[in-house]
Amino acid sequence: MKIAIVTDAWKPQVNGVVRTLARTGEELQARGYRVCFVTPQSFTTVPCPTYPSIRLALWPGRRLADLLDRCAPTAVHIATEGPLGLAARAYCRSRGLAFTSSYHTQFPEYVRLRAPVPLALSYRFLRWFHGAARRTLVATPSMRRQLVGHGFRNVVIWSRGVDTELFRPRAKDYLQAPRPIAMYVGRVAVEKNIEAFLALDLPGTRYVVGDGPDLDTLRRRHPQVRFTGFKFGEELARHLAAADVFVFPSRTDTFGLVMLEAMACGVPVAAYPVTGPVDVVREGVTGVLDEDLRRATLQALELSARACRAYALEHTWRTATRQFLEHLELNAQTARAPA
């Protein structure tokens, strides 16, 4: 079985979408499947408006068609709704090929934070985009309910996993700072609601691990917070494991993979009770969900590191990839897309 995965989000971007797709590709290849990734790396790109670190493929149609023809996939999965996703959708429709899609980002809410685009208009576009897919894969039951409420059809669950060998409990003295250490890891951007974390009155030290378009502004505005920039691999895992509590202020994430990574390190999570955290955090065991983020953070400090680790061990990439593959296998049984 040959699987083509088309994505506008790819390396060197650092985010949960890229990590999920890359790890899923590795798992599929380990099972003996051929995986063809179609990413911006094969195209002329331009910077995304308001987010220049994201590169968008420029007029990708012909080149994308050549790549997919060469791959001759049994199944096509379209992971994003950008230029490559649109070109892949058009390719499949013109050839009568079935495909699956996935919804990784609350796109309407993200766009609304950066431009005065009505949510109804964005959701109309997304219903059109995903409506042609045999199945749209989402990470959590709450995200599925939300999309169904917006009129989406054939929405199914594709969960996530965590690398529990890399992300594991480690020595806390890796970071030398007054404790407790509250940490945020992720993009430093308006859609992550990071200022809700930075505004908290907390004891000890706050760390922000990551980069993004708002880093310089927030670093100047909050000199008491330690901004480290991007960290990768072992260094990222050591930072996470050295924290006492992980604070996840986002209200718009569809999952929040980094929460699982924190738990795998034995670090409890504080977050709002919204889509993403409500499915990922085991309330009162691996984290605390509260509209008062300061209260959630202080209460999470009392939770068991061992319980966090045990919960993370239940979430493997093998299981998540099996879900992904089952949807694609069902899709590949039917050669024609719906009219």
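Could you list, in sequence order, the residues of segment 136-145 that are open to solvent by less than 50 Å² (accessible area, probe 1.4 Å) and touching a residue at least 40 places away in the same chain (Cβ under 8 Å)? Of everything in segment 136-145, those that are open to solvent by less than 50 Å² (accessible area, probe 1.4 Å) and touching a residue at least 40 places away in the same chain (Cβ under 8 Å) turn out to be L137, V138, A139, T140, S142, M143.
The rows are residues; the columns are (1) in contact with a helix residue (DSSP H, G or I) (Cβ under 6 Å, 6 or more places away or on another chain); (2) part of a loop (DSSP other than H, G, I, E, B).
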{"position": "F255", "(1), (2)": "no, yes"}
{"position": "A262", "(1), (2)": "yes, no"}
{"position": "V288", "(1), (2)": "yes, no"}
{"position": "E291", "(1), (2)": "no, yes"}
{"position": "E302", "(1), (2)": "no, yes"}
{"position": "E314", "(1), (2)": "no, yes"}
{"position": "R318", "(1), (2)": "no, no"}
{"position": "R322", "(1), (2)": "no, no"}
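Taking the criterion of being part of a helix (DSSP H, G or I), farther than 13 Å from A79 by Cα and touching a strand residue (DSSP E or B) at 6+ places or on another chain (Cβ under 9 Å), the residues of segment 118-144 that qualify are P141, M143, R144.
With respect to the numbered conditions (1) more than 30 Å from F167 (Cα to Cα); (2) open to solvent by 30 Å² or more (accessible area, probe 1.4 Å); (3) not in a strand (DSSP E or B), which one is the sole condition not fulfilled by C92? Of (1) more than 30 Å from F167 (Cα to Cα); (2) open to solvent by 30 Å² or more (accessible area, probe 1.4 Å); (3) not in a strand (DSSP E or B), only one is false for C92: (2).
When the residues of segment 192-226 are filtered to those that are more than 23 Å from A237 (Cα to Cα) and among the acidic types (D, E), which remaining residue is least open to solvent (accessible area, probe 1.4 Å)? Residue satisfying both the conditions and the ranking: D214. Scanning segment 283-319 for residues that are basic (K, R) and crowded, with 16+ Cβ neighbours inside 10 Å yields R294, R309. Taking the criterion of being more than 19 Å from L126 (Cα to Cα) and out of contact with any helix residue (DSSP H, G or I) (no Cβ under 6 Å at 6 or more places or on another chain), would at least one residue in segment 75-91 satisfy it? Looking through segment 75-91, none of the residues is more than 19 Å from L126 (Cα to Cα) and out of contact with any helix residue (DSSP H, G or I) (no Cβ under 6 Å at 6 or more places or on another chain).
Every test in (1) within 23 Å of R153 (Cα to Cα); (2) open to solvent by 20 Å² or more (accessible area, probe 1.4 Å); (3) of a type in the set (V, I, T) is passed by T44 save one, and that test is (1). Quick one: is A120 open to solvent by 20 Å² or more (accessible area, probe 1.4 Å), more than 23 Å from N15 (Cα to Cα) and of a type in the set (G, A, S)? Here the answer is yes, as A120 does meet what is asked.
Within the span defined as segment 160-183, one or more residues are touching a residue at least 12 places away in the same chain (Cβ under 8 Å), within 30 Å of A120 (Cβ to Cβ), part of a loop (DSSP other than H, G, I, E, B) and touching a helix residue (DSSP H, G or I) at 6+ places or on another chain (Cβ under 9 Å).
Looking across segment 227-240 at every residue that is part of a helix (DSSP H, G or I) and small (G, A, S), the one that is surrounded by the most Cβ atoms within 10 Å (Cβ to Cβ) is identified as A237. For segment 199-210, the criterion of being in a strand (DSSP E or B), within 29 Å of H315 (Cβ to Cβ), within 22 Å of the chain's Cα centre (by Cα) and among the small types (G, A, S) is met by at least one residue.
Look at segment 23-47: where a residue is more than 18 Å from V6 (Cβ to Cβ), no partner that is of a type in the set (D, E, K, R) and in a loop (DSSP other than H, G, I, E, B) sits 6+ places away or on another chain with Cβ atoms under 9 Å.
Residue under question is V111, and the condition is that it be in a loop (DSSP other than H, G, I, E, B) and modelled with pLDDT under 95; does it hold? It is false that V111 is in a loop (DSSP other than H, G, I, E, B) and modelled with pLDDT under 95. For segment 40-47, the criterion of being hydrophobic (A, V, I, L, M, F, W, C) and over 20 Å from the mean Cα position of the chain (by Cα) is met by at least one residue.
Taken over segment 264-281, the criterion of being assigned to a loop (DSSP other than H, G, I, E, B) and over 22 Å from L166 (Cα atoms) is satisfied by Y272, P273, V274, T275, G276. On the basis of being open to solvent by 80 Å² or more (accessible area, probe 1.4 Å), farther than 19 Å from L28 by Cα and at pLDDT 95 or above, does T50 make the cut? Considered against the rule, which asks whether it is open to solvent by 80 Å² or more (accessible area, probe 1.4 Å), farther than 19 Å from L28 by Cα and at pLDDT 95 or above, T50 comes out as no.
The values are calculated or read from the model by the stated rules, or taken from the named source; none is laboratory data. The structure displayed is predicted, hence computed values, not measured ones. Heads up, the Cβs are rebuilt from the backbone with ideal geometry, glycines too, and the neighbour counts pull from every protein chain shown. To get the accessible areas, we keep the full protein, side chains included, count just its heavy atoms, and leave off ligands, DNA and RNA. Shrake-Rupley method; radii C 1.70, N 1.55, O 1.52, S 1.80 Å.
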